[in-house]
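I have a structure here, written as structure tokens, and I will follow up with some questions on it.
What follows is calculated from the coordinates using simple rules that are stated; it is not laboratory data. All values reported here derive from a predicted model rather than from experimental measurement. Note: ideal-geometry Cβ built from the backbone for every residue, glycine included; neighbour counts use all protein chains shown.
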Amino acid sequence: MSPTRIRLKDLAAQLGLEVEGDPDLALAGVASLEDAGPEQLSFVRSERLAAQLAATRAGALVAPAGLDVGGRPVLRSTDPSRDFFRAARILVPEPQVAAGIDPSARVAEDAEVHPSASVAAGCVLGRGVVVGARSVLHPGVVLTDGARVGEDCLIHARCVIAAASVLGDRVILQPGVVIGGDGFGYVGEEGGGRRKVHNIGRVVLEDDVEIGANTTVDRGTLGDTRIGRGTKIDNLVQIAHNCQIGARVLIAAQVGVAGSSRIEDDCVLLGQVGVSDHRRVGPRALVGAGTGVASDVPPDSVAFGYPNRPGREWHRESAALKRLPELLRRVRALERWMRDRGGES
């Protein structure tokens, strides 16, 4: 991605922000406070970063109103993080991908690829596949029979979309994502052993879903596994068969959600959360890192611990646990005192 040179006042106009300082300063990129140079834009959220702010060489900043930036040109913002990354998209735009199908791609005769879409080298598109307008398939993407990709999607290298799964518009899959693999389901056989369950469901990803690298979302056994609109899922996450993930959910790395569980709208699951099968996490709940969800989590609540406990209760228990060594010493001292007192009588 090559930087674009732009004057600060022109950048401000595109972002709808006010400029303080030299409006004609030419910017040619973005960087962190520590790494930025005189032609780069950086940002600061609060006075807590005063030391880095004083030392930065950044040519201009995005900062809250009233924050002293040492006389540097500044774009004033109510949300510096958001507006900085809006600016980054302008200053360092994504590379343009040419529309069309690479000669090395294998595309079934009845597949429908919009003329504005891009299908890169080594892709495989099965029978009945549909790829919408302006969607981009990077090298090695596989869409098995019946898979559908909406408009303006970005499918990175080596992703697999199977089981006639359906992607809405503006879906992003990072490298190595597998959508629509069989769930982990088996039934017993007479005389022992296990037989694999026959999976006939799909995966449905609604609009504006993003899924991180090497994450897997299993197809439904009978119905569909579904990921709601605007949900963002990190790398190395496992979503099992028949799960229903709501809208605007955030799921961090190494989370595992077992079969037929329901994660409601606006929930947050932090790193390495494990959700047992058939569990429900209510709307707007937050589940802390490393929590094992063995029972349902109520709406608008916070859960921590293994197994999960209400947040305040878990914090009290954790605080008490730190005092355990001292309490044990006191108990042992009391036992010795009691033994000595008994000996004197």
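Can you pull the Kirkwood radius for region 54-150, inverse mean 1/r over Cα pairs, to one decimal in Å?
Taking the inverse mean of 1/r over all distinct Cα pairs, region 54-150 comes out at 16.6 Å.
Taking a ≥ b ≥ c as the square roots of the eigenvalues of the Cα gyration tensor of region 216-298, is the shape rounded (a/c under 1.5), prolate (a/b larger than b/c) or oblate?
Here region 216-298 falls in the rounded category.
Stokes-Einstein D for region 83-206 at 10 °C, 1.306 mPa s, Kirkwood Rh over Cα pairs, in µm²/s?
101 µm²/s
Stokes-Einstein at 20 °C, 1.002 mPa s, Kirkwood radius from Cα pairs: D for region 190-345 in µm² s⁻¹?
Stokes-Einstein gives a translational diffusion coefficient of 121 µm²/s.
Using per-residue counts of other Cβ atoms within 10 Å, averaged over each peptide, order 291-299, 191-199, 10-18 from highest down.
Going by the mean number of other Cβ atoms within 10 Å, highest first, we get 291-299, 10-18, 191-199.
At q = 0.14, 0.15 Å⁻¹, what is the log10 ratio I(q)/I(0) for the chain, with the Debye formula run over Cα points and no solvent?
Cα-only, vacuum Debye calculation for the chain: -1.14, -1.18.
I would also like to ask the following. In vacuo Debye scattering of region 170-224, one point per C-alpha: log10 I(q)/I(0) at q = 0.21, 0.22, 0.28, 0.31 Å⁻¹?
The calculated log intensity ratios at q = 0.21, 0.22, 0.28, 0.31 Å⁻¹ are -0.80, -0.84, -1.06, -1.14.
To continue, here is another question. Using the charge dipole of region 1-94 (Lys, Arg: +1 at Cβ; Asp, Glu: -1 at Cβ; taken about the Cα centre), state which of ALA55, VAL74, ILE6 has its Cα farthest towards the positive end.
Farthest towards the positive end: ILE6.
Quick check on the chain: helices-only [θ] at 222 nm, where DSSP H runs of length 4 and up contribute -39,500 (n - 2.57) each and the sum goes over total residues. Nearest 500, please.
It lands at -5500 deg cm²/dmol.
Please give me, ordered by residue number, the GluC sites (Glu not before Pro) of region 120-217 that lie in loop per DSSP and have at most 10 other Cβ atoms within 10 Å.
Answer in residue order: GLU189, GLU190.
Starting from region 40-114, pick out the GluC sites (Glu not before Pro) whose DSSP state is loop and whose Cβ has at most 10 other Cβ atoms within 10 Å.
The qualifying sites are GLU109.
Right, something else. Between region 6-63 and region 240-307, what is the C-alpha centre distance in whole Å?
Spelled out, the Cα-based centre of one part sits 38 Å from the other.
Moving on to the next point. Tally Lys/Arg at +1 and Asp/Glu at -1 over every other residue whose Cβ is under 13 Å from the Cβ of SER32; what's the total?
It works out to a net charge of 0.
OK, next. Determine the shape class of region 6-91: with a ≥ b ≥ c the square roots of the Cα gyration tensor eigenvalues, call it rounded for a/c under 1.5, and otherwise prolate if a/b is greater than b/c, oblate otherwise.
In terms of gyration-tensor shape, rounded.
With unit charges on the beta carbon (Lys/Arg positive, Asp/Glu negative), name the residue among PHE304, MET338, ALA36 whose Cα is farthest towards the positive pole of the charge dipole of the chain.
So the residue we want is MET338.
Something else about it: Towards the positive end of the charge dipole of region 6-91, with charges on Cβ (+1 Lys, Arg; -1 Asp, Glu), say which of PRO64, ALA88, LEU25 has the farthest Cα.
With unit charges placed on the Cβ atoms, the residue in question is ALA88.
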